[in-house]
Amino acid sequence: MIKRAPWQGLVAGTAGGVVMTLGEKAEQALTGRPDSHVPARVLERLTGLPERPGRQPLPVNWAMHFGQAALLGVLRSVMAQAGLRGPVASAKFAVVRLTNDQILENATGVGAPPSTWPRKELVVDLLHKAVYAFATGAVADALAARDGLGPGQRHAAARPGRHSDVGPLPRGGAGSSAR
C-alpha cells in the first residue's frame, strides 16, 4: 500500500488539478472572473522568492496550483488504498483540500478567512475545490481498486455494519491485498 499510494496519488492529484483547471477556465469564460494570482503569491512567500506587485508569473502560479494538487492527491490515494473510497470519501477529501488552501493562504498573509469573502467568490471556490476532490477521488479509487480491497473494506466484509464484537483484522491481513 505504501509503495503504491505515492505514485497513484501524484497521478490522481494531477488529473484532479487538470479537471479543476478546465472547469475554472470554463467558468471564467462565462463569468468574466479574472485569474487568481494567490497560488503564486503563496509560493513566493513559502520559498522566499522575490514578490512581484500586480500580475504574477504564470509558471510560479501553475507550479503552486498543480504542485499542491499533485501532492494532496497522495493523501487521497492513501485513503483509497486503506479502503476509504467513493463519493463520501471524496467529500471528506474536499474539506482537506479547502483546509490546506486556507492554512497556506492565511499563514503566509496572502489570503483572508473565507468567512470574510463575498459569498459569490466563496461559492465559486467551493465548487472548484469540490470538482478537484471528486475528480482526484475517482482516479485514486480506480487505481486502488486494481489492487483489490483495502484493509477497511476487508474488515467491513467480515460482518456488514459496525459491530463491537468484530475485532480487527489479523496483523498480517491489514496491509495485504485479498487477491
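The set of residues in the range 79-115 that are open to solvent by less than 50 Å² (accessible area, probe 1.4 Å) and more than 27 Å from Lys3 (Cα to Cα) comprises Gln102, Leu104, Glu105, Thr108, Val110, Gly111, Ala112, Pro114.
So Leu127 ticks every box in (1) open to solvent by 50 Å² or more (accessible area, probe 1.4 Å); (2) more than 18 Å from the chain's Cα centre (by Cα) but one. Which box is left unticked? With (1) open to solvent by 50 Å² or more (accessible area, probe 1.4 Å); (2) more than 18 Å from the chain's Cα centre (by Cα) applied to Leu127, the lone miss is (2).
Only residues that are in contact (Cβ under 8 Å) with a residue 12 or more places away in the chain and closer than 17 Å to Ala130 by Cα were counted across the range 19-47, and they come to 6. For Ala80, the criteria (1) in contact with an Asp or Glu (Cβ under 7 Å, 6 or more places away or on another chain); (2) more than 19 Å from Leu10 (Cα to Cα); (3) part of a helix (DSSP H, G or I) hold in every case but one, which is (2). Counting only residues that are of a type in the set (Lys, Arg) and closer than 21 Å to Ala133 by Cα, the range 48-62 holds 0 of them.
Evaluation of Gln56 against the conditions (1) assigned to a helix (DSSP H, G or I); (2) open to solvent by less than 30 Å² (accessible area, probe 1.4 Å); (3) of a type outside the set (A, V, I, L, M, F, W, C) shows that the sole unmet condition is (1). When Leu122 is tested against the conditions (1) without any contact (Cβ under 8 Å) to a residue 12 or more places away in the chain; (2) farther than 16 Å from Met20 by Cα; (3) surrounded by 13 or more Cβ atoms within 10 Å (Cβ to Cβ), the lone failure is (2).
Residues that are acidic (Asp, Glu) and either in contact with a helix residue (DSSP H, G or I) (Cβ under 6 Å, 6 or more places away or on another chain) or open to solvent by less than 30 Å² (accessible area, probe 1.4 Å) (or both): does the range 29-42 have at least one? Within the range 29-42, not a single residue is acidic (Asp, Glu) and either in contact with a helix residue (DSSP H, G or I) (Cβ under 6 Å, 6 or more places away or on another chain) or open to solvent by less than 30 Å² (accessible area, probe 1.4 Å) (or both). Scanning the range 1-10 for residues that are assigned to a helix (DSSP H, G or I) and surrounded by fewer than 18 Cβ atoms within 10 Å (Cβ to Cβ) yields Arg4, Pro6, Trp7, Leu10.
The values are calculated or read from the model by the stated rules, or taken from the named source; none is laboratory data. Everything quoted here is computed from the prediction, not taken from an experiment. For neighbour counting, all protein chains shown are included, and Cβ atoms are generated from backbone atoms with ideal geometry for every residue, glycine included. For the accessible areas, the whole protein counts, side chains as well, though only heavy atoms, and no ligand, DNA or RNA atoms are used. Shrake-Rupley method; radii C 1.70, N 1.55, O 1.52, S 1.80 Å.
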